[in-house]
Each structure stands twice: as C-alpha cells, then as structure tokens.
Amino acid sequence: MLLNHIKVPIFFTTFLFVFIACDNSSTGSKEDSGPIPSENLEAVLSYTMENENGGPKGQTLLIWHDGEILLEEYSENFDGQQLHNIWSGSKSFAGLLAAIAVQNGLFTFDTALGELIPEWNPESERGKITIRQLLNLTSGIETASIGDTNQTAEEWLAADMEFETGAKFTYGPTPFYILSWIFMEVFEINPVSYLNDNLFSPLGLVRGDWSNVDLIYPNLSFGARYPALDWLQVGIMLMNKGSLNGNVIIEENLLNDLLTPSETNPGYGITFWLNTPVGQQKRSALSLPGHAKSQSTSKMISDLMPDDLFMMSGAFGQKLYICPSLNLVIVRYGVFLVGGISDEQFFLRLMEGVDQNTLE
C-alpha cells in the first residue's frame, strides 16, 4: 500500500495507524490526519505515481508543509538522492541565474541585449530586447522548436525577429541558449558554476549536472538534473521570499521581478509559471505546451489554489509547486514519456475538502 512510505509528523501518526488498519468497507466518520487528510494523500499518490497499466507514472512525490515533510514517496529503485532530469524546470533556474547576476551587478533585467551581444546593433529591434523580455518569452525572437538541441551558437545569434517584441508569448529554447552564450562569451563565466557558487552551495547542495548544447554551452532550457530533495530545498528557499535559515540567496525585490507577469502572458513571469486568473480562453492559448491540463479552469495552474501559487515545470510531469500563503512546497518527478499530469487534477485530489485556513 502506498501509505507505507508516507513520512508523517508525530501529530497524525496515530490516525494513519487506525486508517490503514480499518477495513475498506468501514462506514466510520471521515477524520483528518493533520493538515491534509490521509485519503487525500492516498488519492494524489495514486494519481501521480501509478499509470493505468499498473506501471510507474511518477518517480517521486514530496509534500512539505510548515517545516514538515508530510509525504515522501519514491518508485522502486529510486530515491531522493538520485539525479533526475527536470526538463523545462531548468528554465526557472535560468531565471534565478539572471536574478543573481542582477544582484551581483552584471546587468539589470532591463539591460538591452545590444549592450551585451557585440554582433547585435543596439539600435536594431532585437538589439533593444531586454533581459526581462528575453526570459519572459515575449522578445519576438525566432526560436528553435521545443526540445531542439541541434541549434548552434552561430544560428541562435543569427535568429531573426519573428514577432514584434511584446506581441506574442513564444515558448522555446533559443532565449535560454542566448543567455548561456552571454555568460560564457561576454562574462567568461560558466553559468552552472555561477549557480553552484551563488545558489546551490549557499543552500548546502553540491549535487546536480547539466547537459550542453553546441558542445560547450550549458543547456539552460531543459538540461538540468537534480535530486528531488535538493529541488525541495530550492522550493523552500523560494517560499521564504528568497532566504533560507536567515541566509539571503535571492533578494526579495528580485524574486518579485521573477514572479511579475508580462502583459502578453499574465500566467508567466520571468521563467516561472504563475497561478494568475487569466480566463478560460486565454489560459487554453497560453498554457504550458505538451502538458496535461484541464481547459475548464480560469487560473493558469489551479482554481483550487491561492493566487500566490507558482511553479517550476518540466515535460513529463516534473513539478516544483510553491505556495507561500499555505507554507506548502511540493516536488513531483514523472517518468520519461508517460509521466504527464494535470495541475488541476493534482490539486483536486490533494485539496478536496481541505480548509485552507488550517494550512496558513
């Protein structure tokens, strides 16, 4: 039974024992097992970890609330220390990389690319694109298709304008390749080393690796591999407004920049997905490409959750959900090709009947 691996705070251990021991036909009254009922945990585990054919759909589910890991579940032969590809969850690390660079004075979010890329005329349309527009995916630059790793530095530096800046939200890897190039060629800084020095090491994390594109440039679009427990620590830091254990990693004003949407896509900030109310029609047009979703919802992630929920999200159901108002952080790792989930269906199972005031 999946509950065998749930790690729970002491205050609802007794209930779990009773719950597991009870016969399924029991007609006893529904009880709460601490902040989230155990039947909700069981439902979300089943949805996220098991596919319809009985095989694994998920490899990890961690639910952290207010200083406690309420649930920690792994598929067979997997654990929270193993590297796992988070796919486009990597894009949000590019956002954190940019915020740290702003914090350290390398550039600002409103620095124009023409000031950084010698090949681009500062007075040209693409030369006036800012770091902010590049990373909130409204630059208008023509991008390679999702998942394309064949594009070379010569090609992405030669990319033409496909749309007027700010006219359209365009999801693709080229903006992140350009950022990687800027770090490597302009600042002569390896962006992964920079993240290690300024993000992971201050968090006490030393694991992880990245794939490259065009041989030498870290793939900031979808190349990161990190253990689930490390990603959880990043989420806790973000939930704490950029700090952990009193150590400021990302200044709060810069984190606010990352979580500020563009007018073009109110459900996306600088590399982070936001639970902004956007309306059903617009949500359908702007939702995360290639991910299971419920079209009936009007918020970008879930109607059931507060507006301050935000997430790092990658293909095949790689999720880091952060909800500061509920002191809630969730990590979910999905299996390659079969691990996709609907955010709305996830939170429907987790939060049904939960009084959110008890989580605050």
Any idea which of Leu137, Leu199 is under 26 Å from Leu286 (Cβ atoms), hydrophobic (A, V, I, L, M, F, W, C) and buried (at least 18 other Cβ atoms within 10 Å of the Cβ)? Leu137
If you take the residues of the range 142-164 that are in contact with a helix residue (DSSP H, G or I) (Cβ under 6 Å, 6 or more places away or on another chain) and of a type outside the set (Gly, Ala, Ser), which of them is farthest from Ala94 (Cα to Cα)? Met161
Name the residues in the range 120-150 that are acidic (Asp, Glu) and either at positive phi or modelled with pLDDT of 95 or more (or both), would you? Glu123, Glu125, Glu142
Given the condition surrounded by fewer than 14 Cβ atoms within 10 Å (Cβ to Cβ), more than 24 Å from the chain's Cα centre (by Cα), under 27 Å from Asn265 (Cβ atoms) and polar (S, T, N, Q), answer yes or no: does some residue in the range 164-181 qualify? no
What's the number of the only condition in (1) in a loop (DSSP other than H, G, I, E, B); (2) out of contact with any Asp or Glu (no Cβ under 9 Å at 6 or more places or on another chain); (3) closer than 18 Å to Val331 by Cβ; (4) not polar (S, T, N, Q) that Gly235 fails to meet? (1)
Kindly check whether there is at least one residue in the range 71-78 that is in contact with a Lys or Arg (Cβ under 6 Å, 6 or more places away or on another chain), more than 16 Å from Leu179 (Cβ to Cβ) and either in contact (Cβ under 8 Å) with a residue 40 or more places away in the chain or surrounded by fewer than 21 Cβ atoms within 10 Å (Cβ to Cβ) (or both). yes
Leading residue by the ranking (farthest from the chain's Cα centre (by Cα)) among those in the range 143-159 that are of a type outside the set (Gly, Ala, Ser) and closer than 20 Å to Thr111 by Cα: Leu157
Those helices (runs of 4 or more DSSP H) lying entirely in the range 152-213 with at least 3 residues in contact (Cβ under 8 Å) with a residue 60 or more places away in the chain: 174-181, 191-195
Whether any residue in the range 119-129 is more than 25 Å from the chain's Cα centre (by Cα) and either closer than 25 Å to Ser313 by Cβ or of a type in the set (S, T, N, Q) (or both) is what I want to check. yes
Working only within the range 246-278, note down all residues that are outside any strand (DSSP E or B), hydrophobic (A, V, I, L, M, F, W, C) and under 16 Å from Gly314 (Cα atoms). Ile270, Phe272
I want to confirm something. Restricting to the range 79-92 and keeping residues that are touching a helix residue (DSSP H, G or I) at 6+ places or on another chain (Cβ under 9 Å) and outside any helix (DSSP H, G or I), which single residue is surrounded by the most Cβ atoms within 10 Å (Cβ to Cβ)? Ile86
Restricted to the range 321-357, and to residues that are of a type in the set (Ser, Thr, Tyr) and touching a Gly at 6+ places or on another chain (Cβ under 9 Å), which residue is surrounded by the most Cβ atoms within 10 Å (Cβ to Cβ)? Tyr333
Test result for Thr108, among the hydroxyl-bearing types (Ser, Thr, Tyr), part of a loop (DSSP other than H, G, I, E, B) and either more than 23 Å from Ser90 (Cα to Cα) or touching a Lys or Arg at 6+ places or on another chain (Cβ under 7 Å) (or both): no
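The values are calculated or read from the model by the stated rules, or taken from the named source; none is laboratory data. Values in this document were obtained by computation on a predicted structure and should not be read as measured data. Using ideal geometry, Cβ is built from the backbone for each residue, glycine included, and neighbour counts are taken over all protein chains shown.
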